[in-house]
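The values are calculated or read from the model by the stated rules, or taken from the named source; none is laboratory data. Note that this is a predicted model, so its numbers are computed, not measured. Using ideal geometry, Cβ is built from the backbone for each residue, glycine included, and neighbour counts are taken over all protein chains shown. What goes into the accessible areas is simple: the full protein's heavy atoms, side chains included, and nothing from ligands, DNA or RNA. Shrake-Rupley method; radii C 1.70, N 1.55, O 1.52, S 1.80 Å.
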Amino acid sequence: MVTVSETQLDGLLPLVARGKVRDIYEVDEHTLLFVATDRISAYDVIMENTIPDKGVLLTKLSEFWFEFLKDEVRNHLIAIPQGKTVFDLLPAALSQDKYRSQLEGRALLVRKHKLIPLEVIVRGFITGSAWKEYKAKGTVHTLPQPAGLQESQEFPQPIFTPSTKAEQGEHDENISPDQAAELVGEDLKNRIEQLAIRLYSKCKEYAKTKGIIIADTKFEFGYDDKTDEIILVDEVLTPDSSRFWNGENYAIGKSQDSYDKQFLRDWLTSNDLNGKPGVKMPEDIVTRTRAKYVEAFEALTGEKWQ
């Protein structure tokens, strides 16, 4: 099984950044190449080994959601002309087999945009850090919530709970909507909040018909100064950026089984390895995590994984 832990394009395109999952290259002054590798991180630490096919699954799932939301919000994807592939829009040398094997199925051409410096998180159900804060204070991101909520219960309305967008290796910090307004301005904050909740709600209702509950998700947005448009960027509603639950097994009052890194997080925690560098996952964790990504992809898109 082919896996890509890190791309090496030998200087054919300038490398802009390596994130936890994506390698980003500059194609020209207006265009970037996003490549989703098979790296996986948990507790802000990248594992030593990979989840085969993960990058392709993330890319195809993001493409699905970009298409699903295209009438709601502009996105940063550059459309590939019919009958062409991404390689037709890249330097010809990148069509060589040694590069094609690193890029095929996991590369997106995107327009550069000014990034809005927020992790735009929308929560539809109370879980994770939100549940911990609520138990202690009755609030979520300092916002008062109804009394008597149980773990994994749906909020009366989805809520906007932003965080800072940290540099690589740093931790995002949960902030209040008021603090978000201080960062980006009240008007832009309000627009982002309304848009993010609308996008989340549409996708949540769709996913419900496929047997999946989207408990929460993280969006990232850019901004077009010329048109005053907010642009949907990065990845969209993948198991890396969202919490997916199995609708059939859902029950309030307890934590839920997730279609994401839960196997990995649980293994790290039980072995006192959370947050520690240089960790290699055992093969059964790799296999079970990959299977969850495939299951989520197939359920949401209706496509059979190869």
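Numerical summary
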| read-out | value |
| --- | --- |
| Extension gain from K280 to L115, taking 0.36 nm per residue of separation minus the Cα-Cα distance | 56.1 nm |
| Taking the chain and dividing mean pair separation by its residue count, relative contact order in percent (alpha carbons under 8 Å, at least six apart) | 20 |
| Coil-residue trypsin sites (Lys or Arg not before Pro) of the stretch 184-250, DSSP, other Cβ within 10 Å capped at 11 | K226 |
| For the stretch 197-300, average projected area of the Cα convex hull in nm² | 9.1 |
| Largest to smallest principal axis extent of the C-alpha atoms in the chain, angstrom | 61, 50, 36 |
| Most mobile of Q262, Q102, Q145 in a GNM of the chain (Cα contacts under 10 Å) | Q145 |
| Solvent-accessible area per residue, Å², over the chain with all protein chains present [probe radius 1.4 Å] | 48 |
| Alpha-carbon centroids, the stretch 62-129 and the stretch 200-255: separation in whole Å | 16 |
| Value of Rg/Rh across the stretch 112-258 [Cα atoms, Kirkwood radius] | 0.96 |
| Per-residue [θ]222 nm for the chain (sum of -39500 (n - 2.57) over DSSP H runs n ≥ 4, rounded to 500) | -9500 deg cm²/dmol |
| Coil-residue GluC sites (Glu not before Pro) of the stretch 223-306, DSSP, other Cβ within 10 Å capped at 12 | E303 |
| Cα-Cα over 25 Å, subset of K254/K292; K54/K226; K84/K210; K114/K276 | K54/K226; K84/K210; K114/K276 |
| Tilt relative to the chain, helix 186-209 - C-alpha long axis, 0 to 90 degrees, to 10 | 90 |
| Accessible surface of the chain [probe 1.4 Å, protein heavy atoms]: carbon and sulfur percent | 48 |
| Cα-based helix-to-principal-axis angle, 54-68 vs the chain, degrees rounded to 10 | 70 |
| Calculated from backbone phi, Karplus (6.51, -1.76, 1.60) coupling profile of the stretch 23-35 in Hz, x at Gly/Pro | 9, 10, 10, 8, 8, 7, 5, 10, 10, 10, 10, 9, 10 |
| Gaussian network model of the chain, springs between alpha carbon atoms under 10 Å - residue of A17, A92, A130 with greatest fluctuation | A92 |
| Degrees, to the nearest 10: 128-137 long Cα axis against longest axis of the chain | 30 |
| Sparse-neighbourhood loop sites, trypsin sites (Lys or Arg not before Pro) in the stretch 1-102 - DSSP loop, at most 16 other Cβ within 10 angstrom | K20, K70, K84 |
| Cα gyration tensor category, rounded, prolate or oblate, for the stretch 13-109 with a/c compared to 1.5 | oblate |
